[in-house]
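Undergrad: Below is the structure I would like to discuss, written out as structure tokens.
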Amino acid sequence: MTSFQSTIGDEEGIAEELAEGQREISIAEFFEKNKHMLGFDSGARGLVTAVKEAVDNALDATEEAGYLPDIYIEIEEVGDYYRLVIEDNGPGITKEQLPKVFGKLLYGSRFHAREQSRGQQGIGISAAVLYSQLTSGQPAKITSRPKGQSRAQYFELIIDTDTNEPEIQADEETTWDRPHGTRIELEMEANMRARQQLHDYVKHTAVVNPHARLELREPGLDEPLKFERATDELPAETKEIRPHPHGVELGALIKMLEATESYSVSGFLQEEFTRVGKKTADSVIDNFRDVYYGRELAWSPPRAHDDRDVAGAVADAVANKGAEATTAFAEGVAETVANNDRISRSELAAIVDNVAETVEGDTGKTFGGTVRENAVDAAWGAITGVGGDEAADSDESDDDSESAEESPLVSDAYALVDDATSTRKDDAAVRAMAEALTRRFENLDGDAFRITLDDLERLVADAASFVAEQRDATFGETARENVVEAFWSRARTVPDDPPKVKAIAGSRDAAADLLDAMRTTDILAPPTDCLAPITAELVEAGLRKEYDADFYAAASRDAEVHGGDPFIVEAGIAYGGEIPAEGSVELLRFANRVPLVYQRGACATTDVIKNIGWRNYGLDQPGGSGLPNGPAVISIHVASTNVPFTSESKDALANVPAIEDEIELAVREAARELKSFLNKRRSMQQRREKQDVLGRILPEMADKVSEVTGRSRPDIDGALARIMNNVSVEREVNGETVTLVVENHSDVNEELEITDIVSTEPTDLSDGTVVDMDGEWFVQWKPEVPSGDERELTYAIDGDADFEVSVGGVETEKLTVNA
Amino acid sequence: MTTESDARDELIDLAADFYDQFAAGDIPEMTLPTRTKSNIEYDTESGVWTYGDRTSTRSANSVRGARKLLKAAYTIEFLADQLDEDRSSTLRELYYLSESWDNDEAQFSSQDESNDLVEDLEIVTGVTREDFHMRPEESGATLMGPLLIREQTRRGEREIHCQEDVGAGGYQIPNNPDMIDFLDDDIDFALAVETGGMRDRLVENGFDEEYNCLVIHLKGQPARATRRITKRVHDELDVPIAVFADGDPWSYRIYGSVAYGSIKSAHLSKYLATPQAEFVGIQPEDIVEYDLPADPLSDSDVNALESELDDPRFQTDYWEEQIELQLDIGKKSEQQSLASRGLDFVTDTYLPERLDAMGVI
């Protein structure tokens, strides 16, 4: 740009001068200046980001190789610097690949894959290496031992920021106690001010990766933080999928067109995209034809009373074929044409071809290409009043138009316009519109009336404004749309073959048309085996592992699609227990199993949580919106082949409505369980309180009435059990018979498990079982007692005995045992 | 009614009921007639309104009910002891006394609560409060008229003439009017007057002497003792009773409780109510006829009038006519508004005219 202007300005030298200062910038240099874009904006955050990148890589590598991840993280103070060590038990990296993986930015296996994975750009770990070398001047020290190799490979490397190539400073074999895996050691200028975020990151990683074992050592910890596995099940292996036709952009499409080995568009679509088979490819191609070539307008063939003589015109156009064949041919064409409601020029050509073949077969005369073309021209002229003979007899046709013998198209157009517009339209205006349209159609290139939808819209708008000017009759937007629709729906897709892939790749417009066609075609949503949701079960297990709560719930939604990328949302809630009750709930955000630590406020998940009415679910929410308060942890996981982040540092989810809807549904699903838990707990608490108060008041009342009446204190347990809607178990010993009376005063049936430990041998059991355990007898019953009913469990003993009864199967709040 | 010696036994019996319920493994409870407007019925035999068949239960099933019953047990003990020792106390004293009980749960949180509980006990045991030796803080009102009585006081018997032996304030009705015997009288009728001002006017104008009238001061909503003595005057001396009150819905209720019994003490209606008592005024009709100075009805007045139309005690032709008239004119007048015609108007004109029309004189 500058140089262009300088030539105009005729100031020689400036361009050269400027050019001297212009040179290529290596990606590594760019990063050096833009550390913040990748999350290395401060020493505190740099450390967290470096850990995050290394751990993400380690998890991806181990899972891919089918190992249960076992990851060790160590941060050490070394003079003014911090040393960061991350070890994994992954498959190791080959000697050849290793320097590039760690020592070259934008080198990775993920970028081109459409599959759920943590890393994507191949930038993270090498950015950490670069950050370390920039701040400490130390090379990255990497040890890797691929499985099966007896020794490990040790490298020291730095990134040459000019060339974005690794520079190896040491390369030797070494021994390592891990049978396979990778170890990276980085020294960097940093501080531990973000210790909380670091701990959160590691803890949250453990929550969403219950199959991983993590260990963190850092100077501030007396004991290493260890996170053990909750499951030995690896996440389902994900399959890479081809792109979905609804999810590609023009540039990507052109690249694919250039790179493909397919020759035809149909083959290209089926080969390169997911969910495209022959049938879908055909509909895409039909749509593509419509956009690329336009459709051919179809017209009504002449009816019996019409004086437009198709047969005559065809017969005239055929010479030297003998009367019989000529007549058969002409009448065949005319008849078939008349059988069509509407007909386009391409359809006419097909009819002529068909009839010609038939007549050739019947008569042995040959109807060659030229003859057929002439016949088509003639017949088309007869049907539409345009074409061949107009050129031949231009005088006559001029006379025709002047003598007001209107083109047969006008009445056809009139019928359509009249039908498409409201009945209130003035008949003269409708006729004027039909005439204006017809004139414009006749001016189209060629005589096939080929037009694209865009052009048709423009043409109708133009005709409408012409009529508005001439006749003072308006055709509003709706009327115009209806007219366009009327013509377009009756127009025919052309039979022309679509251009070949090479041609489309070479033409930006054609490629845009193809993309348009792909997007307008209905295509099945992409398959979801490219995703590995955690599953509701393991979301809950993860929470259970790291939070000591009273209640856990989790929900995993079915896959949905946005912009061609499938995604799954999962949510989990933990409540109560050791979770601090003060302040707002803890929100854990995850994308593809990676915890999001920063920018909580900018995240779509946070927005969704804030807009849910949590009071409804039993959580405190000041003002009825915003983050709820209380002892709860809410975790949200979004898995997708392409998680939409707000920025490159991947801290916050963008506000995509389709994803937000799913997040809300998932969270609400889990919250409903929370609600019923809280309701139940509240009613149990009320029951406990009632029990406490009544348990105090009623004995006092009993004392008082016995005092007033002068009788001994009455037994009130029966009354208490009845009041509490309780289940009571009461022992009556009558000589040698022991009876346990089980009364169910609750409103549901109860199944109890009663074990009575007796010091002498019981006999004559009323069902139940007895087990001798070193001189003590365990008598067991499992009675089912209907609501409001009672059961008597009896046995006999010989002489005195000690008893100890335990009752299970009923909540302790509901149980009164007096035995 | 029960005699005093029975009162203690009745209370102990109630405690024994609770005891038996406990012993049987049942939930202790106490059943009472529902004490609402919708559950009072006209007793044709006695001509008063008493509780109907609907009952509500105070049960230990709930924390609230259990607390009530605990308090009942403590109160029973207190009342039984009080009767044992032949002492008496006021309702307010009971409320404060509960503070000394060893159990926090048994203490009353307000005096309404203790008052209600004593009424509950009256109903369940069939013993009146007076027989429990419980009295209200403020005693009954006063009598003025040609009546000689003998009162049994703690300091011996007293014979008092309610016109000659008393000052301008009249004879103070004791808490338990059944301690009075009527010895002699020269009464043609009794006039129960709502306000102190009007009572004083009548006495000052010598109305009681002139018409041989016993003036009973109601002091607003009459205490039980006032209603009881009114009934005794009617029954024992066989004189007509007329009620003279303001011309507003609240005063009709005063008349209602004298004549028909109150909703809260409907269990005692046969003992307290004087169904033969008649309403002198101020009638809504009088407001129109005498063109009395009047205030507009407030919203709460209108609501009260409408609720009286629903009140079974007021469902008579007379009251429906008067209340509808009052709603129609939208006005109310006080007794004292008669003073707009001069201080003697009430004794010289209004009362003689009204009482004559009613056939009392």
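The values are calculated or read from the model by the stated rules, or taken from the named source; none is laboratory data. Every value quoted in this text rests on a predicted model; they were computed, and no experiment measured them. Please note: Cβ atoms are built from the backbone with ideal geometry, for glycine as well, and neighbour counts cover all protein chains shown. Note: areas computed on protein heavy atoms with side chains; ligands, DNA, RNA excluded. Shrake-Rupley method; radii C 1.70, N 1.55, O 1.52, S 1.80 Å.
Undergrad: Let me confirm something: among B:Asp102, B:Asp86, B:Asp112, which residue is surrounded by fewer than 16 Cβ atoms within 10 Å (Cβ to Cβ) and within 14 Å of chain A (Cβ to nearest Cβ)?
TA: Working: B:Asp86 fails: within 14 Å of chain A (Cβ to nearest Cβ); B:Asp112 fails: within 14 Å of chain A (Cβ to nearest Cβ).
Going through B:Asp102, B:Asp86, B:Asp112 in turn, just one is surrounded by fewer than 16 Cβ atoms within 10 Å (Cβ to Cβ) and within 14 Å of chain A (Cβ to nearest Cβ): B:Asp102.
Undergrad: If I filter region A:638-650 for residues that are assigned to a strand (DSSP E or B), open to solvent by less than 10 Å² (accessible area, probe 1.4 Å) and among the aliphatic types (A, V, I, L, M), do I get at least one hit? Break it down stepwise before answering.
TA: Start the filter on region A:638-650 by keeping residues that are assigned to a strand (DSSP E or B), which leaves A:638-640, A:645.
Adding the requirement that they be open to solvent by less than 10 Å² (accessible area, probe 1.4 Å) leaves A:638-640.
This time we only want the ones that are among the aliphatic types (A, V, I, L, M), so: A:638-639.
Checking region A:638-650: at least one residue is assigned to a strand (DSSP E or B), open to solvent by less than 10 Å² (accessible area, probe 1.4 Å) and among the aliphatic types (A, V, I, L, M).
Undergrad: Let me ask something additional. Pull up region B:58-83, narrow it to residues that are among the β-branched types (Val, Ile, Thr) and open to solvent by less than 30 Å² (accessible area, probe 1.4 Å), then point me to the one that is nearest to B:Asp9 (Cα to Cα).
TA: Step by step, filter region B:58-83, then rank; the result is B:Ile76.
Undergrad: Yes or no: region B:244-251 includes at least one residue that is small (Gly, Ala, Ser), in a helix (DSSP H, G or I), free of Cβ contacts under 8 Å to residues at least 12 places away in the same chain and not assigned by TED's automatic domain parsing to the domain that holds B:Ile123.
TA: no
Undergrad: Can I ask one more? Consider B:Gly25 carefully, then state whether it is modelled with pLDDT under 85, open to solvent by less than 70 Å² (accessible area, probe 1.4 Å) and closer than 30 Å to A:Arg687 by Cα.
TA: yes
Undergrad: Mind checking whether some residue in region A:427-436 is surrounded by fewer than 16 Cβ atoms within 10 Å (Cβ to Cβ) and more than 48 Å from the chain's Cα centre (by Cα)?
TA: Yes, region A:427-436 contains at least one residue that is surrounded by fewer than 16 Cβ atoms within 10 Å (Cβ to Cβ) and more than 48 Å from the chain's Cα centre (by Cα).
Undergrad: In addition: Anything in region A:179-219 that is surrounded by fewer than 23 Cβ atoms within 10 Å (Cβ to Cβ), touching a helix residue (DSSP H, G or I) at 6+ places or on another chain (Cβ under 6 Å) and assigned to a loop (DSSP other than H, G, I, E, B)? List them, or say none.
TA: Hits for region A:179-219 are A:Glu189, A:Asn191, A:Arg193, A:Ala194.
Undergrad: Go through region B:152-180 and report how many residues are in contact with a helix residue (DSSP H, G or I) (Cβ under 8 Å, 6 or more places away or on another chain) and under 19 Å from B:Lys219 (Cβ atoms).
TA: Final tally of qualifying residues: 8.
Undergrad: Please determine whether any residue of region A:710-717 is within 9 Å of another protein chain (Cβ to nearest Cβ), out of contact with any Ser or Thr (no Cβ under 9 Å at 6 or more places or on another chain) and surrounded by 19 or more Cβ atoms within 10 Å (Cβ to Cβ).
TA: yes
Undergrad: Hey, another quick one. For the structure I just gave you, tell me whether A:Glu730 is under 19 Å from A:Gly808 (Cα atoms) and at pLDDT below 85.
TA: So A:Glu730 passes the test.
Undergrad: Six or more apart or on different chains, Cβ under 6 Å: which pairs go from a residue in region B:7-26 that's within 16 Å of A:Ile697 (Cα to Cα) and at the interface with another protein chain (Cβ under 8 Å from one of its Cβ atoms) to one that's part of a helix (DSSP H, G or I) and β-branched (Val, Ile, Thr)? Could you list them?
TA: Taking only residues 6 or more apart or on different chains, the pairs are B:Ala15/A:Val705; B:Ala15/A:Val708; B:Ala15/A:Thr709; B:Ala15/B:Ile76; B:Phe18/A:Val705; B:Tyr19/A:Val705; B:Tyr19/A:Thr709.
Undergrad: A further question on this structure: Could you say which residue among B:Ile123, B:Ile160 is touching a Leu at 6+ places or on another chain (Cβ under 6 Å), hydrophobic (A, V, I, L, M, F, W, C) and either open to solvent by less than 40 Å² (accessible area, probe 1.4 Å) or not in a loop (DSSP other than H, G, I, E, B) (or both)?
TA: Among B:Ile123, B:Ile160, only B:Ile123 is touching a Leu at 6+ places or on another chain (Cβ under 6 Å), hydrophobic (A, V, I, L, M, F, W, C) and either open to solvent by less than 40 Å² (accessible area, probe 1.4 Å) or not in a loop (DSSP other than H, G, I, E, B) (or both).
Undergrad: For residues that are within 14 Å of chain B (Cβ to nearest Cβ) and in contact (Cβ under 8 Å) with a residue 40 or more places away in the chain, scanning just region A:660-690, find the one that is least open to solvent (accessible area, probe 1.4 Å). Write out each step before concluding.
TA: Going through region A:660-690, the residues within 14 Å of chain B (Cβ to nearest Cβ) turn out to be A:685-690.
The next check asks that each one be in contact (Cβ under 8 Å) with a residue 40 or more places away in the chain; those that pass are A:687-688.
Working: A:Arg687: 46, A:Arg688: 98 Å².
Per the stated criteria, the residue is A:Arg687.
Undergrad: Right, another one. Tell me the residue from B:Thr50, B:Thr55, B:Thr36 that is more than 14 Å from chain A (Cβ to nearest Cβ) and open to solvent by 60 Å² or more (accessible area, probe 1.4 Å), please.
TA: Selected residue: B:Thr55, the only one of B:Thr50, B:Thr55, B:Thr36 that is more than 14 Å from chain A (Cβ to nearest Cβ) and open to solvent by 60 Å² or more (accessible area, probe 1.4 Å).
Undergrad: Please determine whether any residue of region A:161-168 is open to solvent by less than 40 Å² (accessible area, probe 1.4 Å) and of a type in the set (A, V, I, L, M).
TA: no
Undergrad: Still on this structure, please answer the following. Quick check on my filter: what residues within region A:718-745 are in a loop (DSSP other than H, G, I, E, B), surrounded by fewer than 21 Cβ atoms within 10 Å (Cβ to Cβ) and within 14 Å of chain B (Cβ to nearest Cβ)?
TA: A:Asn725
Matching residues to (1) acidic (Asp, Glu); (2) under 28 Å from the mean Cα position of the chain (by Cα); (3) assigned to a strand (DSSP E or B):
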residue: B:Gly25; (1), (2), (3): no, no, no
residue: B:Trp49; (1), (2), (3): no, yes, yes
residue: B:Ala72; (1), (2), (3): no, yes, no
residue: B:Asp81; (1), (2), (3): yes, yes, no
